[in-house]
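S.K.: Mind looking over this structure? Questions follow.
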Amino acid sequence: MVFFYNFAKNSQKVSEFNISIQPTKNPKIIKFVANTFLVQGESFEFKNIDEAKSSPLAQQLFYLPFVKTVYISQNFVALERFDIVEWEAVQEEVANSITTYLNAGNPIISDRQTAKKIAVSIYAESTPNPEALKFVANIPLVDGLFEFKNKKEAIPISPLAQSLFDFPFVKEVFISSNYVSIAKVATITWQEVVMELREFLKEYLEAGLPILTDEALNNMASHTSKDKMTPKNTLTDLEKEIVSILDEYVKPAVAGDGGHIAFESFDVESQTVRVLLQGACSGCPSSTVTLKNGIETMLKQMLPGKVSSVEAINA
């Protein structure tokens with residue numbers, strides 16, 4: 001089956017694209033993730049071929065009878081399917097076709113003036129850490145987790161974080177999914193700066209400015225969550241159970257508070273679980289209470305006699 005017309009045979013090949021397949025929580029939507037950015041600081045949604053006139057890539061995808069919606073954002077294309085097919089039957093061929101299309105030098109967005117951008121909105125959420133706020137966008141920002149303690153760390157990875165550190169009151173920046181958690185210095189109140197940060201983020205994203213660099217994608221293992229500190233294939237059965245509980249019951253709640261938690265190690269003799277805290281959870285005054293009254297209690301109940309305590313390391 002041939003999915004795409006090769007209508008730009010003379011286009012210059014500018015880079016070598018590789019596409020990987022990434023499922024989502026919605027079984028009807030799948031992501032085709034590239035090894036470089038397709039668009040920077042922009043997100044596009046197309047519901048039919050007429051809406052996709054500004055995107056030759058999206059138009060070609062709508063020739064597939066099972067494609068319902070096309071999303072293009074940062075380094076991925078996400079497709080929503082109709083029920084006439086399962087992704088397992090077609091996803092490899094779609095991925096190969098997208099790779100061929102991109103490596104032929106064909107355009108992704110040809111007319112940004114008429115392209116239907118998703119309007120950007122930003123709202124601020126409080127977190128358990130009084131020195132950190134979570135700024136939530138209505139568009140995806142990044143895949144993965146990116147934490148920066150200072151401007152020097154941000155320079156090669158995230159132009160957005162680098163710009164945020166130009167505000168003298170910004171202490172730390174954590175970017176994940178569709179939000180940015182910002183930790184401030186204690187001498188400034190949120191009332192003094194929250195609107196300024198909210199407007200800055202809105203204008204930055206609406207201007208289509210980059211969130212991450214290609215280096216961030218190429219070195220994601222070094223700059224994202226430290227979940228990979230302990231390879232899963234080296235975990236014991238008990239450690240895998242602990243990781244599974246953290247992933248299912250703890251991570252969603254922590255992400256809702258603008259942070260992240262990752263399994264770091266387990267000491268068999270003391271039955272102590274060590275976890276890594278990032279984002280708004282890092283340095284949060286209530287994190288100790290949460291660990292003891294929440295996570296520790298849960299692990300003790302779900303793994304009776306196997307876990308005695310939980311300790312945290314701040315990233």
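The values are calculated or read from the model by the stated rules, or taken from the named source; none is laboratory data. Just so you know, these numbers come straight off a predicted model, no measurement behind them. Glycine also receives a Cβ, built like all others from the backbone with ideal geometry; neighbour counts cover every protein chain displayed.
S.K.: Kindly provide the set of residues from the stretch 116-136 that are within 30 Å of residue 70 (Cβ to Cβ), part of a loop (DSSP other than H, G, I, E, B) and either touching a Ser or Thr at 6+ places or on another chain (Cβ under 7 Å) or hydroxyl-bearing (Ser, Thr, Tyr) (or both), ordered by number.
M.R.: Selection gives 118, 121.
S.K.: Is it true that some residue in the stretch 275-293 is farther than 14 Å from residue 128 by Cβ, at pLDDT 80 or above and not assigned by TED's automatic domain parsing to the domain that holds residue 75?
M.R.: yes
S.K.: What number of residues within the stretch 178-191 are outside any loop (DSSP other than H, G, I, E, B), surrounded by 12 or more Cβ atoms within 10 Å (Cβ to Cβ) and over 18 Å from the mean Cα position of the chain (by Cα)?
M.R.: Of the residues in the stretch 178-191, 3 are outside any loop (DSSP other than H, G, I, E, B), surrounded by 12 or more Cβ atoms within 10 Å (Cβ to Cβ) and over 18 Å from the mean Cα position of the chain (by Cα).
S.K.: Follow-up. Would you pick out the residues in the stretch 249-274 that are aliphatic (A, V, I, L, M) and either at pLDDT 80 or above or in the same structural domain as residue 174 (by TED's automatic domain parsing) (or both)?
M.R.: Applying the first criterion (aliphatic (A, V, I, L, M)) to the stretch 249-274 yields 250, 253-255, 261-262, 268, 273.
Across the stretch 249-274, the qualifying residues are 250, 261, 262, 268, 273.
S.K.: Sticking with this structure for a sec: Yes or no: residue 25 touching a strand residue (DSSP E or B) at 6+ places or on another chain (Cβ under 9 Å), outside any helix (DSSP H, G or I) and among the charged types (D, E, K, R)?
M.R.: On the way: touching a strand residue (DSSP E or B) at 6+ places or on another chain (Cβ under 9 Å): no; outside any helix (DSSP H, G or I): yes; among the charged types (D, E, K, R): yes.
When the stated conditions are applied, residue 25 does not pass them.
S.K.: So residue 173 fits all but one of (1) touching a residue at least 40 places away in the same chain (Cβ under 8 Å); (2) in contact with a strand residue (DSSP E or B) (Cβ under 9 Å, 6 or more places away or on another chain); what number is the exception?
M.R.: (1)
S.K.: Additional query: Restrict the check to the stretch 192-209 and report whether at least one residue is in a helix (DSSP H, G or I), exposed (fewer than 13 other Cβ atoms within 10 Å of the Cβ), among the charged types (D, E, K, R) and at pLDDT below 85.
M.R.: no
S.K.: Shifting gears a bit: Take residue 49 and decide whether it is surrounded by fewer than 20 Cβ atoms within 10 Å (Cβ to Cβ), at negative phi, in contact with a helix residue (DSSP H, G or I) (Cβ under 8 Å, 6 or more places away or on another chain) and touching a residue at least 12 places away in the same chain (Cβ under 8 Å).
M.R.: Taking the combined requirement at face value, the residue satisfies it.
S.K.: Then there's this: How do the pairs read when you match residues in the stretch 107-128 that are at pLDDT below 85 with residues anywhere that are among the hydroxyl-bearing types (Ser, Thr, Tyr) and assigned to a loop (DSSP other than H, G, I, E, B), using Cβ under 9 Å and keeping only pairs 6 or more apart or on different chains?
M.R.: Here the result reads 111/55; 115/55; 128/286, each pair linking the stretch 107-128 to a residue that is among the hydroxyl-bearing types (Ser, Thr, Tyr) and assigned to a loop (DSSP other than H, G, I, E, B).
S.K.: So, in the stretch 267-279, exactly how many residues are crowded, with 20+ Cβ neighbours inside 10 Å and either over 19 Å from the mean Cα position of the chain (by Cα) or touching a residue at least 60 places away in the same chain (Cβ under 8 Å) (or both)?
M.R.: Summing the residues that are crowded, with 20+ Cβ neighbours inside 10 Å and either over 19 Å from the mean Cα position of the chain (by Cα) or touching a residue at least 60 places away in the same chain (Cβ under 8 Å) (or both) in the stretch 267-279 gives 4.
S.K.: Can you tell me which residue among 157, 139 is in a loop (DSSP other than H, G, I, E, B), touching a His at 6+ places or on another chain (Cβ under 6 Å) and under 21 Å from residue 279 (Cβ atoms)?
M.R.: None of the others qualify; the one that does is 157.
S.K.: Consider residue 107 carefully, then state whether it is over 25 Å from the mean Cα position of the chain (by Cα) and either crowded, with 20+ Cβ neighbours inside 10 Å or over 13 Å from residue 46 (Cβ atoms) (or both).
M.R.: no
S.K.: Being modelled with pLDDT of 85 or more, in a helix (DSSP H, G or I) and among the hydrophobic types (A, V, I, L, M, F, W, C), is that true of even one residue in the stretch 300-315?
M.R.: The answer is yes; a qualifying residue exists.
S.K.: Would you check if residue 38 is under 25 Å from residue 207 (Cα atoms) and touching a Pro at 6+ places or on another chain (Cβ under 9 Å)?
M.R.: Taking the combined requirement at face value, the residue does not satisfy it.
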